[in-house]
Amino acid sequence: MLKEIFNKPTKWSVMRGLIFKEIDDLIIGSLGIVAFISFFVGGVVAIQTALNLTNPLIPKELIGFATRQSIILEFAPTFISIIMAGKMGSFITSSIGTMRVTEQIDALEVMGVNSLNYLVFPKIIASLLYPFLIGIAMFLGILGGWIAGVYGGFVSSNEFVTGLQAEFIPFHIAYSFIKTAIFGLLLATIPSFHGYYMKGGALEVGKASTVSFVWTSVVIILMNYILTQLLLAK
Amino acid sequence: MIEVKNVEKSFGDSKVLKGVSTVFETGKTNLIIGQSGSGKTVLLKSLLGIFTPEVGTISFDGRIYSELNADEKRALRTEIGMVFQGSALFDSMTVEENVGFPLKMFTSKTAAEIKERVDFVIQRVNLINANHKKPSEISGGMQKRVAIARAIVNNPKYLFCDEPNSGLDPKTAILIDNLIHEITQEYNITTVINTHDMNSVMEIGEKIIFLKEGILAWEGTKKDIFKTDNEAIVDFVYSSNLFKKIRKAQNKGE
């Protein structure tokens with residue numbers, strides 16, 4: 001499948017439009033839900049950390065530190081990707097699967113269009129912008145933590161910001177974006193595979209979407225483990 | 001002209017096409033008829049290159065499909081127009097975009113030239129006030145017209161239709177049949193229609209091939225059907241009471 005996606009490319013003037021459409025559907029269209037979830041989960045992480053700090057010897061700066069680490073290392077890249085496996089992944093599987101069921105893919109092939117390139121390549125290119133979405137998730141998650149911590153009366157702004165800056169390792173950002181880039185490719189290709197090669201009717205489109213979500217999530221979790229081991233373990 | 005020579009196609013242990021040979025002539029409406037499971041769709045998909053026969057050849061005006069390289073096959077496919085059973089229009093596009101799609105993909109025409117050609121073809125299939133509608137916003141009959149417009153917009157040499165009037169009321173079905181027939185003659189296209197609708201056979205069947213259990217059991221014109229003694233085709237055609245009565249009346253007339 002992967003070889004065929006890059007084989008016999010679609011005319012650039014057509015492909016350009018398809019890429020912009022996919023960026024709109026997959027990336028821009030996910031901004032709202034990603035922003036909403038990130039902001040509130042960031043807030044909850046800060047509150048939970050604050051409520052568990054019962055020992056007065058532990059400084060309150062830990063709230064900012066814990067929020068930063070949780071959001072940047074795992075929540076934004078991994079947790080959001082699992083959510084996107086449901087949102088973006090099922091959209092991709094069901095839209096391609098419906099095209100399969102209604103013979104639209106056959107129509108493309110009969111016309112001489114490389115349907116895999118036409119349908120999947122723009123999604124892969126759009127997925128290259130996925131780290132941008134995760135960057136926003138990181139920012140909003142930490143902002144949510146700061147607002148919940150400060151305005152909830154759990155920590156002062158100074159303490160939170162000091163915690164945010166404490167023991168900051170820039171490579172963690174790189175690690176997070178490397179993971180995100182790989183997850184983005186998985187989010188574009190696994191659901192496309194399940195949609196493109198599905199057989200049957202409307203019921204099977206639903207089943208394919210579910211199977212696609214499960215497999216995308218499983219592969220993301222496994223890749224998360226492997227990448228963490230490779231990039232962070234000494 | 002499309003020449004089919006001794007084509008055999010199997011799926012697992014089941015042989016669906018058993019040495020089919022025939023010629024689909026240019027400028028004529030060629031019909032493939034037969035019961036469900038007789039191999040009509042497999043033959044049509046073999047003609048389209050979706051299935052590859054194990055034995056035999058299919059040639060398009062002398063070009064043997066199995067001997068063409070990938071680029072030549074793609075080039076040949078741009079000469080093919082196809083009307084699918086369910087129309088297979090692209091949901092995300094308007095009628096105008098659907099019809100203009102092959103031109104946008106395979107020609108270097110400007111947007112204005114594409115628009116001009118699309119408007120012409122849409123008018124030719126008698127579609128009115130539908131240019132900016134999505135396929136889901138128009139009726140089944142209109143969807144078929146859009147599918148026909150898309151199939152002919154790039155001046156194809158070969159037009160394939162898979163049960164083009166299925167799901168349509170009898171009046172619209174005849175209109176669609178006649179439209180395909182007119183277009184075939186007007187543009188001198190080799191048209192192959194897969195159908196089991198006897199109204200289509202009697203209306204537009206210039207050359208008819210009848211498949212039974214993967215074998216070409218009969219071929220001829222719509223006039224020949226009334227004269228033939230071939231049991232297989234007689235049994236198929238006159239399975240409906242209406243056609244039985246027509247046959248009876250014709251025999252009495254003779």
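Just the residues that are under 27 Å from A:VAL101 (Cβ atoms) and acidic (Asp, Glu), please, taken from the stretch B:80-119.
If the condition is that a residue be under 27 Å from A:VAL101 (Cβ atoms) and acidic (Asp, Glu), then B:ASP91, B:GLU96, B:GLU97 are the ones that fit.
Might you check whether a residue that is touching a residue at least 40 places away in the same chain (Cβ under 8 Å), assigned to a helix (DSSP H, G or I), over 23 Å from B:THR41 (Cα atoms) and not assigned by TED's automatic domain parsing to the domain that holds B:LYS45 occurs anywhere in the stretch B:77-93?
Taking every residue of the stretch B:77-93 in turn, none turns out to be touching a residue at least 40 places away in the same chain (Cβ under 8 Å), assigned to a helix (DSSP H, G or I), over 23 Å from B:THR41 (Cα atoms) and not assigned by TED's automatic domain parsing to the domain that holds B:LYS45.
Return only the number of the condition from (1) assigned by TED's automatic domain parsing to the domain that holds B:SER38; (2) without any contact (Cβ under 8 Å) to a residue 60 or more places away in the chain that B:SER166 does not satisfy.
Among (1) assigned by TED's automatic domain parsing to the domain that holds B:SER38; (2) without any contact (Cβ under 8 Å) to a residue 60 or more places away in the chain, the lone unmet condition for B:SER166 is (2).
Just one of B:LYS144, B:LYS109, B:LYS115, B:LYS104 is in a helix (DSSP H, G or I), of a type in the set (Lys, Arg) and within 13 Å of another protein chain (Cβ to nearest Cβ); which is it? First the steps, then the outcome.
Details: B:LYS144 fails: within 13 Å of another protein chain (Cβ to nearest Cβ); B:LYS109 fails: in a helix (DSSP H, G or I); B:LYS115 fails: within 13 Å of another protein chain (Cβ to nearest Cβ).
Going through B:LYS144, B:LYS109, B:LYS115, B:LYS104 in turn, the sole match is B:LYS104.
Scan the stretch B:30-38 and give yes if some residue there is of a type in the set (Ser, Thr, Tyr) and more than 8 Å from chain A (Cβ to nearest Cβ), otherwise no. Please lay out each step first, then the result.
First pass over the stretch B:30-38, keeping only residues of a type in the set (Ser, Thr, Tyr): B:36, B:38.
The next check asks that each one be more than 8 Å from chain A (Cβ to nearest Cβ); those that pass are B:36, B:38.
Among the residues of the stretch B:30-38, at least one is of a type in the set (Ser, Thr, Tyr) and more than 8 Å from chain A (Cβ to nearest Cβ), which makes the answer yes.
Please state which one of A:SER81, A:SER13, A:SER94, A:SER90 is within 14 Å of chain B (Cβ to nearest Cβ), in a helix (DSSP H, G or I), within 28 Å of A:MET198 (Cβ to Cβ) and among the hydroxyl-bearing types (Ser, Thr, Tyr). Lay out the reasoning, then the answer.
Working: A:SER81 fails: within 14 Å of chain B (Cβ to nearest Cβ); A:SER13 fails: within 28 Å of A:MET198 (Cβ to Cβ); A:SER90 fails: within 14 Å of chain B (Cβ to nearest Cβ).
Residue meeting the stated conditions: A:SER94.
Restricting to the stretch B:38-57, count the residues that are in contact (Cβ under 8 Å) with a residue 12 or more places away in the chain, part of a loop (DSSP other than H, G, I, E, B) and not hydroxyl-bearing (Ser, Thr, Tyr).
Residues of the stretch B:38-57 that are in contact (Cβ under 8 Å) with a residue 12 or more places away in the chain, as a first pass: B:38-44, B:46-49, B:51-57.
Subset that is part of a loop (DSSP other than H, G, I, E, B): B:38-39, B:48-49, B:51-54.
Those left that are additionally not hydroxyl-bearing (Ser, Thr, Tyr): B:39, B:48-49, B:51, B:53-54.
Within the stretch B:38-57, residues that are in contact (Cβ under 8 Å) with a residue 12 or more places away in the chain, part of a loop (DSSP other than H, G, I, E, B) and not hydroxyl-bearing (Ser, Thr, Tyr) number 6.
For the stretch B:43-57, give me the residue count where each residue is within 14 Å of chain A (Cβ to nearest Cβ) and of a type outside the set (S, T, N, Q). Spell out how you get there, then give the answer.
Step one: of the stretch B:43-57, the residues within 14 Å of chain A (Cβ to nearest Cβ) are B:44-52.
Subset that is of a type outside the set (S, T, N, Q): B:44-45, B:47-51.
Total meeting the criteria: 7.
Please indicate, with yes or no, whether at least one residue in the stretch B:58-65 is outside any loop (DSSP other than H, G, I, E, B), within 13 Å of another protein chain (Cβ to nearest Cβ) and of a type in the set (Lys, Arg).
no
When you look at A:SER115, is it within 14 Å of chain B (Cβ to nearest Cβ), closer than 29 Å to A:LEU227 by Cβ and among the polar types (S, T, N, Q), yes or no?
Values: within 14 Å of chain B (Cβ to nearest Cβ): yes; closer than 29 Å to A:LEU227 by Cβ: no; among the polar types (S, T, N, Q): yes.
Criteria not met by A:SER115.
Give the number of residues within the stretch B:175-219 that are within 17 Å of the chain's Cα centre (by Cα) and among the small types (Gly, Ala, Ser).
Looking only at the stretch B:175-219, we keep the residues that are within 17 Å of the chain's Cα centre (by Cα), and these are B:175-211, B:219.
Pick out the ones that are also among the small types (Gly, Ala, Ser) and you get B:200, B:205.
Qualifying residue count for the region: 2.
Would you check if A:ALA66 is buried (at least 19 other Cβ atoms within 10 Å of the Cβ), in contact (Cβ under 8 Å) with a residue 40 or more places away in the chain, away from every other protein chain (no Cβ under 14 Å) and under 18 Å from the mean Cα position of the chain (by Cα)?
On the way: buried (at least 19 other Cβ atoms within 10 Å of the Cβ): yes; in contact (Cβ under 8 Å) with a residue 40 or more places away in the chain: yes; away from every other protein chain (no Cβ under 14 Å): yes; under 18 Å from the mean Cα position of the chain (by Cα): no.
Answer is no for this residue.
Quick grid of which residues meet (1) at pLDDT below 90; (2) within 12 Å of another protein chain (Cβ to nearest Cβ):
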{"position": "B:ARG74", "(1), (2)": "yes, yes"}
{"position": "B:GLN85", "(1), (2)": "yes, yes"}
{"position": "B:ALA88", "(1), (2)": "no, yes"}
{"position": "B:THR94", "(1), (2)": "no, no"}
{"position": "B:VAL99", "(1), (2)": "no, no"}
{"position": "B:VAL125", "(1), (2)": "yes, no"}
{"position": "B:GLU137", "(1), (2)": "no, no"}
{"position": "B:PHE160", "(1), (2)": "no, yes"}
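The values are calculated or read from the model by the stated rules, or taken from the named source; none is laboratory data. Keep in mind it's a predicted model, so treat the numbers as computed, not measured. All Cβ positions, glycine included, derive from the backbone under ideal geometry; neighbour counts span all protein chains shown.
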